[in-house]
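Below is one structure, written out as structure tokens; the observations come after it.
The values are calculated or read from the model by the stated rules, or taken from the named source; none is laboratory data. What you see is a predicted model; the values in this text were computed from it and never measured. Glycine also receives a Cβ, built like all others from the backbone with ideal geometry; neighbour counts cover every protein chain displayed.
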Amino acid sequence: MKIVSIGIFVFLLLNGMPLFSQQQGNFLFFESNMSLFNPAFTGSQGALVGIQYKSSWMGVEGGPKQAGLLYHSKQKNKASWGLNIQNQSVFIENQGVVSADYSYALQLGAKSQLFLGVKAGAVYNNIDANGLSRITTESNPYLNALNNYVHPLLGAGLLLKVNATYFGASIPNFLNVKRYKDADGFEVTASDKPQLFLSTGTRIPLIGELSIQTALMYRMIQQSANYMAAMGMLDYKDKLALGFGVSNNEYVSALIRTKAFSKMEIGFGYEFGLRTSATSLNESGLEVMLQYQLD
């Protein structure tokens, strides 16, 4: 019965791959909020609550800003539930995701577990066209066609943990929805297409109390550039970690993470762009991460 259940779940997950959801923001400490895009991570690290805030393109008015809040319950009868809230704003657009997550753990071996997760909630989008600086006061039918919206969200994911290594795959939202409506005979359309997320990471012990933590995340979406981010940190006694992150959008970051108290983890990240011919605007950004272990 267990094998049949896993097979059905994997089929449903992979069956959504050709669709390839609304683009979600990219946090520097993405390994701390995997459940934002993969519900199977819910409860995999115990009960916790966390917040993250990132400000990009510092000094640019209306530059990208994003915030995330997550909660994971304690595992009970192999099941955990969680809550995720994410908000992003860029210039006149404000969008976000609110979801409830559920994860179920299957013990595959002495040191291996498979987590299956589902996500349900809503995505919202708000565009303030009045925030545009226009050279005329005449009505613009294309702007009139922009409508704020709230749409349902339904996603799934899986997570395999073997010793200190994990592999994850998820589609945060299977639904492909039309974002804007027609108005005054003008057709202005845009769609939120499902995304496929792949992730992996591990901890490699070194000498003494030192270890290396690595994480990789890859996002694919139809008719859009794929996104990849990787990070590596040198950890001392699970108390202090220093490292860096890189991505294929011409950004690198410096990261520091510490446990100020026994259950409180704090992280700071500074991101800066590589000024190459492929990029026209690479302003720096800052991120703050707080996470508290509840058990």
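Which residue pairs have Cβ atoms under 7 Å apart, sit 6 or more places apart or on different chains, and have a first residue in the stretch 115-130 that is closer than 13 Å to ASN147 by Cα and a second that is at pLDDT below 95 and of a type in the set (Val, Ile, Thr)?
Correct list of pairs: TYR124/VAL150; ILE127/ILE92; ASP128/ILE92; ALA129/ILE92.
Which condition number does VAL288 fail, the rest of (1) at pLDDT below 95; (2) closer than 25 Å to PHE37 by Cα; (3) surrounded by 13 or more Cβ atoms within 10 Å (Cβ to Cβ) being met?
(1)
It is to be established whether one or more residues within the stretch 17-39 are crowded, with 16+ Cβ neighbours inside 10 Å, at pLDDT 80 or above and farther than 18 Å from MET228 by Cα.
Within the stretch 17-39, one or more residues are crowded, with 16+ Cβ neighbours inside 10 Å, at pLDDT 80 or above and farther than 18 Å from MET228 by Cα.
From the list LYS54, LYS74, pick out the single residue that is closer than 28 Å to ARG257 by Cα, in contact with an Asp or Glu (Cβ under 7 Å, 6 or more places away or on another chain), in a loop (DSSP other than H, G, I, E, B) and at pLDDT 90 or above.
Matching residue, one of LYS54, LYS74: LYS74.
Looking at the stretch 191-226 only, could you name the residues that are at pLDDT below 90 and among the aliphatic types (A, V, I, L, M)?
Across the stretch 191-226, the qualifying residues are ILE221, ALA225.
Please give the number of the condition GLY46 fails out of (1) at pLDDT 90 or above; (2) under 11 Å from the mean Cα position of the chain (by Cα); (3) surrounded by fewer than 18 Cβ atoms within 10 Å (Cβ to Cβ).
The one condition GLY46 does not meet is (2).
Could you list all residues from the stretch 123-180 that are under 23 Å from THR202 (Cβ atoms) and either out of contact with any Phe, Trp or Tyr (no Cβ under 9 Å at 6 or more places or on another chain) or at pLDDT below 65 (or both)?
Once the filter is applied, which keeps residues that are under 23 Å from THR202 (Cβ atoms) and either out of contact with any Phe, Trp or Tyr (no Cβ under 9 Å at 6 or more places or on another chain) or at pLDDT below 65 (or both), the stretch 123-180 yields VAL162, ASN163, ALA164, THR165, PHE167.
Among the residues of the stretch 234-251, what is the count of those that are out of contact with any helix residue (DSSP H, G or I) (no Cβ under 9 Å at 6 or more places or on another chain), surrounded by 17 or more Cβ atoms within 10 Å (Cβ to Cβ) and not polar (S, T, N, Q)?
Of the residues in that region, 4 qualify.
Which ones in the stretch 57-67 are of a type outside the set (Lys, Arg) and in a strand (DSSP E or B)?
Answer for the stretch 57-67, where residues must be of a type outside the set (Lys, Arg) and in a strand (DSSP E or B): GLN66, ALA67.
Quickly run through the stretch 227-241 and pick out the residues that are in contact with a Lys or Arg (Cβ under 8 Å, 6 or more places away or on another chain) and either modelled with pLDDT of 90 or more or not in a loop (DSSP other than H, G, I, E, B) (or both).
Those that are in contact with a Lys or Arg (Cβ under 8 Å, 6 or more places away or on another chain) and either modelled with pLDDT of 90 or more or not in a loop (DSSP other than H, G, I, E, B) (or both): TYR227, MET228, MET233, ASP235, LYS239, LEU240, ALA241.
Would you confirm, using the coordinates I've provided, whether PHE91 is under 29 Å from ALA254 (Cα atoms), touching a helix residue (DSSP H, G or I) at 6+ places or on another chain (Cβ under 8 Å) and at pLDDT 95 or above?
No; evaluated as a whole, the condition is false for this residue.
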